[in-house]
Amino acid sequence: MGLLQKINWKTRRWNLKFNLLDLYLHDGDQCWGFSFCEVIKDYRTYSLLSFEFRLPNGADRKVFQVTNWDFLYLSTPLLDKISDLNEDIMWGYGPTRWERFLIKIGDKLYK
């Protein structure tokens, strides 16, 4: 087995992508915005600073809509934590005061 085949075999499960700056000017999803220092690991995005939005078009979207945001790589871990807390409530575990506060913030950010 050659060196390149060994490298290919050892890295076959890696899925990593890095984008320094992306600008969205009404792209295919009708999004506007930007993404700075974005890392995509296992199909999940993490950005140093990101903001994407959609403008109202009069047909299916009547209001300004924020579709994606991230600040200091925190959006994805925060979404995971909020999802876990909501699932705990669904299964009957009582949330603490701090967890109820996080759920209220998460409901505002991810609606």
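When the residues of the range 45-66 are filtered to those that are within 19 Å of Asn19 (Cα to Cα) and of a type in the set (S, T, N, Q), the one that is nearest to the chain's Cα centre (by Cα) is Thr45. The listed residues are Trp69, Trp91, and the only one of them that is within 23 Å of Phe36 (Cα to Cα) and among the aromatic types (Phe, Trp, Tyr) turns out to be Trp69. Taken over the range 40-54, the criterion of being touching a strand residue (DSSP E or B) at 6+ places or on another chain (Cβ under 9 Å) and either at positive phi or touching a residue at least 24 places away in the same chain (Cβ under 8 Å) (or both) is satisfied by Ile40, Lys41, Asp42, Thr45, Tyr46, Ser47, Leu48, Ser50, Glu52, Arg54. State all residues of the range 7-22 that are without any contact (Cβ under 8 Å) to a residue 12 or more places away in the chain and not β-branched (Val, Ile, Thr); if no residue qualifies, say none. Selection gives Asn8, Trp9, Lys10, Arg12, Arg13, Trp14.
Given the condition under 20 Å from Tyr110 (Cβ atoms) and over 13 Å from the mean Cα position of the chain (by Cα), answer yes or no: does some residue in the range 10-18 qualify? No, because not a single residue in the range 10-18 is under 20 Å from Tyr110 (Cβ atoms) and over 13 Å from the mean Cα position of the chain (by Cα). Looking at (1) touching a helix residue (DSSP H, G or I) at 6+ places or on another chain (Cβ under 7 Å); (2) under 20 Å from Lys108 (Cβ atoms), which is the one condition that is false for Tyr46? Single failed check for Tyr46: (2).
The selection criterion, being at negative phi, touching a strand residue (DSSP E or B) at 6+ places or on another chain (Cβ under 7 Å) and polar (S, T, N, Q), does not hold for Ser83.
We did not get these values from a lab; they are worked out from the coordinates using the rules stated. Just so it is clear, the structure is predicted and the values come from calculations on it, not from any experiment. Positions of Cβ are backbone-derived with ideal geometry, glycine not excepted, and every protein chain shown enters the neighbour counts.
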